[in-house]
Structure formats: C-alpha cells, structure tokens
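The structure under discussion appears below in the form of structure tokens.
Just so it is clear, none of the values below were taken in a lab; they were calculated from the coordinates. None of these values were measured; they are calculated from a predicted model. Backbone-built Cβ (ideal geometry, glycine too); neighbour counts: all protein chains shown.
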Amino acid sequence: MILHGKPFFSNDSKAKKAKKELFTRFKPQIILNLSKLYRDNIFPNSEAPAMIFIAKGCRAKAKDYCYFVCPARSLEVRKHGIIEIGAENITKVSVNGIASDSDMLKVATWGSARDMFLIQQLRESFPCIKEVAGNSPKAGLKVGNKRQKTPPEILGERLLTSGNISRYQVDVEKLEKLSYPKVEAPRDLNIYKSPLVIIPERVKESGIYAAFSPTDVVYTTSFTGISVLSEWIAHYLNGIINSLVASYFQFMTASTWGVERKKMMTQDLSRLPVPQLTKDNENFVTRIIEIEGQLRKHQNQSEEVQLKKQLDEAVFDLYGLDEMERILVEDMVNMTINLYMVREKSTAINKPQSDELVQYAQSLISVIKPFLQTLNERTIIADVLDIGHAPLQVVKFSIVPTPGRQQVVKVLPVQELETVLKNIAEQLSQEIADRIYTRRNLRIYLGEDIYVVKPAKRIYWNRSAGLNDADIILSEQLKTNRDSIR
C-alpha cells in the first residue's frame, strides 16, 4: 500500500488508533518512508510525504520485527530520479514498539537507538510544558473571512502578525495596533495576557525559537503563545525553548516539522518536556534566567553566540544530560537539522576537516575502549588517513596491547590512496530495482584492524556518527563471536 505519510507521525488520538490497527492486523515486513523526498517529484501529481507499507496478510505477534527504510535525499535526485538507500537508512524496529510508541518512527527517520533512548528518558523524566507554565500553548488570532466583531478588549492592542520576530524579546513598540473591525476566530482573550512567551510557527535554520513579551500582545495563527503565571517562569521557559534541547526534542517528535513542512505546530509544542522548579535544580534554573536576560539585551552577534553556548550548557545541566547525550543533541541540531532546513547550502555536506575526523575517532574509541579494559590487556588507537580530494574518507582503528601509544589518534597523509578510493566509490552503488540503488558504507575487519570507509561528508563523520558506528561494530563483532562458537 502507498499511503499518506503524515498520519504515521501524528500524535492525534485517531491517527494513533489507526496506525496501531494497521500494524497489528497485518504483519509488517518493510515500511519505506519517502518523506525526505516529498518535494522531489517521486510522485509527479502529489507533494504529500509518502509511506510504502509492505506486509503479510496475517496478524502481527508481539515479538515481530520489521525493516524501516528511510532513503536520504540525494542532491541530484531531481535530475536523475534515482533513490539511494544506504545501510544507515535501514533500521530494524519492533512492530509492537511502532504500534504503541507514537514517536518511534519519527526518531528512526532521523536518529538512532541512542536518540530513541534519550527521547524516552526526556518524556518519562519531566512533565509537559503546561505543568510548569500553568497554561497550555495556544494558537493565536485567525483573521480569515472576518465574520465576527472584534472584541473591544483587544481592539487597539499591539498585534503580532506573520513574519519573523527577534529571538528572546518582542519589540512591542514596533508593532502596529489591532484595527480589524471583524475577525474569524478571536480565541479566548486570556491567551494574550502578559507575561507571554511567543513561538513563531515558522522554524529557522537553527531550529525553533521564542521571544518574551512583558506586555499584552495579540498574535495571529502564525504564532503559538504561552500566557505564563509569573514573569520569572516566562524567562525560564524562554530560555528553555531557545536552547538546543528544545529544537532537538521537537524535531525528533513533531508531526509536521521534519515530515512535511518547516513549521512548528501548537500541538507539538504542548509535548515539550520541561523540568519542574525544585530546590535541587534551583541553581541551574537561576543560571538559565540570568543568561536569558543577557540574551534579551545583547549588543552584537559575537556576544550572542557566546551567550547562546552558555545557555545550552546550562540547559544540558538542568536536564542532566551526560557527555554522549550532549553530542547527540548538538550534532542533530547543527548537522542533521541544518541539512534538512537549507539542503544544498548546508555545511554538513562539506568535506570533514582533520580535527572533526579526530573527534569522530575519539567518540568511537570512547564506546569500544571500556570493553577492552576488562582484562587491561588491550586498547584501541586510530589513524585518520588524509587522502586529499578523494570522494571517500577512511579511518583505521587498531586493537593493540596496552598501554598502546601516547597519541591515541593520529592524522596520516596517504595521497597515494586517492585513485584507489575513487575506484571503490564507483563500485559502492548497486541497483536493486528500477531507479533504486543501494549505497554501502564499508567496515573492513582485518585481524586486529578495522577500516571505516564512508563518503567524505561531515554528516557521516561527526561525533554522534562515531558513537553509532561503535555500536554497529560491537554488534557485528558479538554476532561473529556467537556464530564462531556455534
């Protein structure tokens, strides 16, 4: 079946019920998610994100698994119409999991098992934003056909219409006053009461953002507003929503952003987990509010960049994220989301720099090394092979006797491999159906050495890729050992 993809990612009760019925009444084999290609004329008469559902005509069992395939967008797909599927685009998922967890397919589209664990941890550890704000996020005024008389209580109030607003602070004095004699849906007038935190529906390249308003403001459906109980809490929420954590969670769970349109819907914002204010986190909350206040008054871009880094670190501390979880969040926002938002203009498709490759290797080593330290006899080192302008990049990992060498990760120039890697790159694609090709990333195991070979693009060589590649290597090695024992 070829289906509209959006309901598969919706948190609406009817959509969740329909999805559960589909996944349990039939036994899913392969679910092919084409949402990343929805604007690339895969189906000439439709721009809707498509989902191809392949299943057996029998009921699924609790322990069943299926393959979830989510092809990435090729930069040339509009020219040649070829769909490329890499190993990193295929995930084995629990049928019971995707039937019962509304976020699992979305996380599998953009992230890894590590991301799924982090999303579950955030949902289970912290309440939704309403519990802290005292009110739910609400969509604003709808102008439409102007069928109702504008309530006199808001006529003449400052009006925030479609278009960008500044991060952190609403400049109320620059807003025009509401002068429409009639509107279609004025909403509950209490949603415009200050203190307000206002979030634009339109998402920026760097993710979602918010602005604080100290006075009453009428806003349109292009925004979501949160009328907060106190100004102190408003500043706290403004800091949270402007952080990397908020953009990460929303992108990984939203029903529209990352599926169809680059919009942040009110119902998705309502699910944002936010820590309650307690004595245990009082220092972190105070720090966030202090930085948020400085960001609302910042004078230049350089100052904003430094303050934003401080804000993200403070929010990481508040949520209790460890080093690896922070890497997942940072790389998702700075690499994956940036590539989704700006496409060909993203730096994520540039050739990785030597220091980035070193960080990739260090991340991978940080996962595997503890498994080698059980007997304290072996350790792992890495050589980043600098191969000039080759389309592929290679990093070699070696299992060596302890204590290893002083410089754990080295960069070695080996220009003579450039021609060889160009030839290998030409052989990596294999046609599996008309206009559908597989694209392989290589992991070559030679004795105590492991070679990782992937396209020379930053998106494949960031720190979170190192964590995920380490998980794959461990899984493959454990499977090999089990098979050899049998």
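Remarks
- Counting every pair of alpha carbons in region 365-416, the share spaced more than 18 Å apart comes to 37 percent.
- In terms of surrounding Cβ atoms within a 10 Å radius of their Cβ, 117, 26, 251 rank from fewest to most as 117, 26, 251.
- Label-point gap, in nm, between residue 113 and residue 374 - each point 7 angstrom along Cα→Cβ: 1.7 nm
- Here residue 176 and residue 262 are evaluated by their C-beta separation; at R0 = 30 Å the FRET efficiency comes out at 0.70.
- Counting Cα-Cα pairs of region 261-416 in 5 Å increments starting at 0 gives whole-percent bin shares of 1, 7, 11, 12, 15, 15, 13, 10, 9, 5, 2, 0, 0.
- Cβ-based exposure ranking for 110, 257, 232, in which fewest neighbours within 10 Å come first: 232, 110, 257
- Cut-off 15 Å between beta-carbons: net charge of the residues surrounding residue 294, Lys and Arg +1, Asp and Glu -1: 0
- Alpha-carbon centroid distance for the pair region 46-65 / region 223-252, whole angstrom: 36 Å
- Order of 454, 369 - criterion: other Cβ atoms within 10 Å of each residue's Cβ, fewest first: 369, 454
- Here the chain carries DSSP beta bridges of which approximately 75% are antiparallel, counting only pairs with both residues inside.
- Region 352-367 and region 81-156 have Cα centres spaced 31 Å apart.
- Within the shell defined by Cβ-Cβ distances under 15 Å, the residues around residue 108 carry a net charge of 0, with Lys and Arg each +1 and Asp and Glu each -1.
- Under 19 Å from residue 142, Cα to Cα: lysines that are on another chain or at least 8 residues apart: 177, 182, 193, 263
- Among the trypsin sites (Lys or Arg not before Pro) in region 183-279, those placed in a DSSP loop whose Cβ has at most 10 other Cβ atoms within 10 Å are 279.
- Residues whose amide H lies under 5 Å from that of residue 456, counting only those 5 or more places away or on a different chain, are 392, 393; hydrogens are built 1.01 Å from N in the peptide plane.
- The HN-Hα couplings worked out from phi for region 103-116 by the Karplus form 6.51 cos²θ - 1.76 cosθ + 1.60 (θ = phi - 60°) are 9, 4, 5, 5, 5, 5, 5, 10, x, 10, 4, 5, 5, 4 Hz, whole numbers, x standing for Gly and Pro.
- CD proxy at 222 nm, helix term only [per DSSP H run n ≥ 4: -39500 (n - 2.57); per residue of the chain; nearest 500]: -10500 deg cm²/dmol
- Sorted from longest to shortest, the spans of the Cα atoms of region 129-340 along the three principal axes equal 55, 37, 34 Å.
- What the Kirkwood sum gives for the chain is a hydrodynamic radius of 24.8 Å, with every pair of different alpha carbons counted.
- Trypsin sites (Lys or Arg not before Pro) within region 321-417: DSSP coil, no more than 16 neighbouring Cβ in 10 Å: 405
- Directionally averaged projected area (convex hull, Cα atoms, region 2-110), nm²: 6.9 nm²
- Near the amide H of residue 74, within less than 5 Å, lie the amide hydrogens of 84, all on another chain or at least 5 residues away, with H placed in the peptide plane.
- Ellipsoid semi-axes for region 338-392, based on the Cα gyration tensor and the rule √(5λ), read 31, 15, 7 Å when sorted largest first.
- Using a Förster distance of 51 Å, the FRET efficiency for residue 18-residue 149 (Cβ separation, nearest 0.05): 0.80
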